[in-house]
Amino acid sequence: MIDFSVPEDLAALRDRVRAFVVDRIVPYERDPRLTAHGPTDELRAELVELARAEKLLTVQAPVEYGGLGLGHVEQALVYEAAGWSTLGPVAMNCAAPDEGNMYLLGKIADPEQIDQHLMPMIRGERRSVFAMTEPGGAGSDPGQLSTRAVFDGENFVIDGQKWLITGADGAATWIIMADLAENPHLPAGPTLFLTEADTPGIVIERIMNTMDRNYVGGHAVVRFENLTLPPSAVLGRTGQALRYAQLRLAPARLTHCMRWLGAAERAQSIALDHARTRTAFGKPIGQHEGVSFMLADNEIALHQCRLTIWHTCWLMDQGQQARHESSMAKSYVSEELFKVTDRCVQVLGGIGISDETVVEMLFRDMRAFRLYDGPTEVHKYAIGRHLVGR
């Protein structure tokens, strides 16, 4: 039976997170350390300590690793509350790409990798990257992977180029996807490697200028030159990277949706306040049908997005992969929340395109969200294949 009731303890955690973000994190939105390439590591460290003091750091981690072991539905409520500010997930250590990387490491890392990489990430002591996307095509279609790994029986040697690698500048842990060449020792094919950022052969060429600014370190162009790694650097099993990527991406699509739902809710709140106080033609603009309809459309969209997220999370909590449903959720939610923020800009009028409020920044960030973890068109392609068969 479907039950939409929220347990008291979960409601209390959600409300505590929202209060923390509103009272302690929102004031940092004017901090100069929130740059065009995202928050600096210095700002992140300061925010993390605030969350640590409130016992709200990495709450999604398994209980055995010091977290609360939140299920997917529980995460939906907490992440929406955290997303009220784009700095909220950064402070609570549940922002991308670290949140998704921690999830993946918790599923397939060996004990030594957990000690070296996962635990420091959970403690908020280091950041991570997931280096998959390439300028030649590998991204939405990872089958076009061109970064190559060669195994000589002793070490792996990796060469290739990546771009749009979120958080590369300053990250300590690197997850790298490369196509392992045929060899007599191990299964070939796309493989994940886990290593430290200071390993010789990792070259950050430049930080790309992008329209969003909510990820620490921005997005980088990276080159691997004769990157030599031992067998212990393999994450999981060789040749299984595409399967592992799906293991990571299905929940990650949803956590993106959760966080951005909170941001869109914030934009709606700002637009509502403006509509109640700004007057035109003898009355508050919210009393004019054109504005009130936009606000009503927003409220409907927020509600539908929340239900879509909750349903997909519920399926995953029942042990289902829910890949079809997560594709539907990502494509629908990202498109609808972009429309919500667009309408909020319209309601705000001139100040909507300025930095007098955060809505302008959220609008730009929300446009980028439509591309995170696969653009809408790729998800619709997957949905269509599911419906009609391959």
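The values are calculated or read from the model by the stated rules, or taken from the named source; none is laboratory data. Note that the structure is a prediction, hence the values are computed from the model and not measured. Neighbour counts run over all protein chains shown; Cβ positions are idealised from the backbone, glycine included. Each accessible area value is taken on the protein alone, full model and side chains, heavy atoms only, with ligands, DNA and RNA left out. Shrake-Rupley method; radii C 1.70, N 1.55, O 1.52, S 1.80 Å.
Once Lys and Arg get +1 and Asp and Glu get -1 on their Cβ, which of 255, 274, 341 lies farthest toward the positive end of the dipole of the stretch 242-389?
255
Percent of alpha carbon pairs in the chain separated by more than 27 Å? Let's see the in-between values first.
Values: 37751 of 75855 pairs.
The answer is 50 percent, as a whole percent.
Report, in deg cm²/dmol and to the nearest 500, the calculated mean residue ellipticity at 222 nm for the chain, where each DSSP H run with n ≥ 4 adds -39500 (n - 2.57) and the sum is divided by the residue count.
Helix contribution divided over all residues of the chain: -14500 deg cm²/dmol.
With the dipole of the chain worked out from charges on the C-beta (+1 for Lys and Arg, -1 for Asp and Glu) around the Cα centre, which of 183, 211, 20 lies farthest toward the positive end?
211
Compute, for the stretch 242-389, the length of the dipole vector about the Cα centre, with Cβ point charges of +1 (Lys, Arg) and -1 (Asp, Glu) only. Units Debye, rounded to 20. Intermediate results must be reported in sequence, preceding the final value.
Details: 18 positive and 16 negative charges, 88 e Å.
Approximately 420 debye in magnitude.
Report the dimensions of the stretch 250-390 along its three principal axes from the alpha-carbon atoms, largest first, rounded to Å.
58, 26, 23
Compute the Kirkwood hydrodynamic radius of the stretch 185-248, taking the inverse of the mean of 1/r over all pairs of distinct Cα atoms, and give it in Å to one decimal. Provide the component values of the computation, followed by the final result.
Working: mean 1/r = 0.0716 Å⁻¹.
It works out to 14.0 Å.
Considering all alpha-carbon pairs of the stretch 88-191, what whole percent are spaced by more than 19 angstrom?
On the way: 2717 of 5356 pairs.
Within the stretch 88-191, distances greater than 19 Å cover 51 percent of Cα pairs.
How large is the charge dipole for the stretch 271-345, taken about the Cα centre, if only the Cβ atoms of Lys, Arg (+1) and Asp, Glu (-1) carry charge, to the nearest 20 debye? Each step should come with its number before you reach the end.
Numbers: 8 positive and 9 negative charges, 36 e Å.
That gives a dipole near 180 debye.
Over the stretch 128-238, what is the relative contact order in percent, taking alpha-carbon pairs closer than 8 angstrom and at least six residues apart? Write down the numbers at each step before the final one.
On the way: 273 pairs, mean separation 34.2, N = 111.
Result for the stretch 128-238 is 31 percent.
Would you calculate the volume per residue, in Å³, of the smallest convex hull containing every Cα atom of the stretch 8-102? Please list the in-between numbers first.
Working: hull volume 8.7 nm³, N = 95.
Per-residue hull volume (Cα only) is 92 Å³.
Out of the DSSP beta bridges found with both residues in the chain, what percent are antiparallel (nearest 5)? It would help to have the intermediate numbers written out before the result.
On the way: 32 of 38 bridges.
The antiparallel proportion sits near 85 percent.
Roughly speaking, what is the centre-to-centre gap between the stretch 24-64 and the stretch 252-326 when only Cα atoms are used, to the nearest Å?
Cα centroid to Cα centroid, the span is 24 Å.
For the stretch 128-238, go through all pairs of different Cα atoms, get the mean of 1/r, take its inverse, and jot down that Kirkwood value in Å. Can you show the working numbers first?
Details: mean 1/r = 0.0713 Å⁻¹.
So the Kirkwood estimate lands at 14.0 Å.
Could you work out what % of the accessible surface of the chain is carbon and sulfur, using a 1.4 angstrom probe and leaving DNA, RNA and ligands out of the count? Write down the numbers at each step before the final one.
On the way: 9080 of 17180 Å².
Accessible surface attributable to carbon and sulfur in the chain totals 53 percent.
Just to confirm a number: summing +1 for Lys and Arg and -1 for Asp and Glu over residues other than residue 310 whose beta-carbon lies under 14 angstrom from that of residue 310, what do you get? Walk me through the numbers on the way to the answer.
Numbers: positive: 14, 306; negative: 3, 74, 80, 317, 325.
Its environment carries a net charge of -3.
To the nearest 20 Debye, how big is the dipole of the chain about its Cα centre, given +1 on the beta carbon of each Lys and Arg and -1 on that of each Asp and Glu? Don't skip to the answer; put the middle values down first.
Working: 38 positive and 50 negative charges, 172 e Å.
The dipole of the chain has a size of about 820 debye.
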